[in-house]
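Enquirer: For reference, the structure I am asking about is given below.
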Amino acid sequence: MTDEKFRSAEVLRDKILSDDVLIKQLQADPSKVLKEQTREVVNGLPAAMQSDPWIWRMVILALLLGIVISAASLAILSLNDKTTPEGLLSIGTACIAAIAGLLVPSPVKT
């Protein structure tokens, strides 16, 4: 397992152990304190989609590859007077729509 999976638990542990007030509150009401602190820690961590630009590059590359393969296949089939499958056209159209959806700005920025 990678160390990344335990990052939020380590941050939570360090946050609680570094604050004497939190330790006393944890002893008094562990459930409430752990829920509150967990929420704060998780909200403070960067999301993988925002902190790792390679994820977006791989998604765009895969969608572009789908468009190119679909367009090339459709062109080859039409030049050879073969019938073009509707599924192939649907795949290309879906990839174009997905890229368009990624390029549209989000209506709400959190």
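Enquirer: In nm, to one decimal, how far is the modelled label at N43 from the one at A75, with both set 7 Å along Cα→Cβ?
Expert: 5.1
Enquirer: If you don't mind, another one. Residues with beta-carbon under 13 Å from that of D19, excluding D19: net charge, scoring Lys, Arg +1 and Asp, Glu -1? Provide the component values of the computation, followed by the final result.
Expert: Details: positive: R13, K15, K24; negative: D14, D20, E36, E40.
Neighbourhood net charge equals -1.
Enquirer: Another question about this same structure. Mind listing P(r) for region 65-110? All alpha-carbon pairs, 10 Å bins, whole percents.
Expert: Percent of pairs per bin, in order: 26, 39, 20, 10, 4, 0.
Enquirer: Now, a different point. So what is the relative contact order for the chain, in percent, with contacts set as C-alpha pairs under 8 Å and at least six apart? It would help to have the intermediate numbers written out before the result.
Expert: On the way: 44 pairs, mean separation 20.5, N = 110.
Contact order relative to length: 19 percent.
Enquirer: Further question: Mind pulling the angle between the C-alpha long axis of helix 7-17 and the longest principal axis of the chain? Nearest 10 degrees, somewhere in 0 to 90.
Expert: Roughly 20 degrees, rounded to the nearest 10.
Enquirer: If you wrap a convex hull around the alpha carbons of the chain, what volume per residue comes out, as a whole number of Å³?
Expert: 167
Enquirer: Relative contact order of region 49-103, please, whole-number percent, based on alpha carbon pairs below 8 angstrom and at least 6 residues apart. Mind dumping the intermediate values first?
Expert: Details: 29 pairs, mean separation 21.7, N = 55.
Averaging sequence separation for qualifying contacts and normalising by length gives 39 percent for region 49-103.
Enquirer: Enter the angle in degrees (range 0 to 90, nearest 10) between the Cα long axis of helix 30-44 and the first principal axis of the Cα atoms of the chain, meaning the one along which they spread out most.
Expert: 40
Readers should treat all values here as calculations from the given coordinates under stated rules, not as data from a laboratory. For clarity, every value in this text was computed on a predicted model and none was experimentally measured. In this analysis, Cβ positions are derived from the backbone assuming ideal geometry, glycine residues included, and neighbour counts consider all displayed protein chains.
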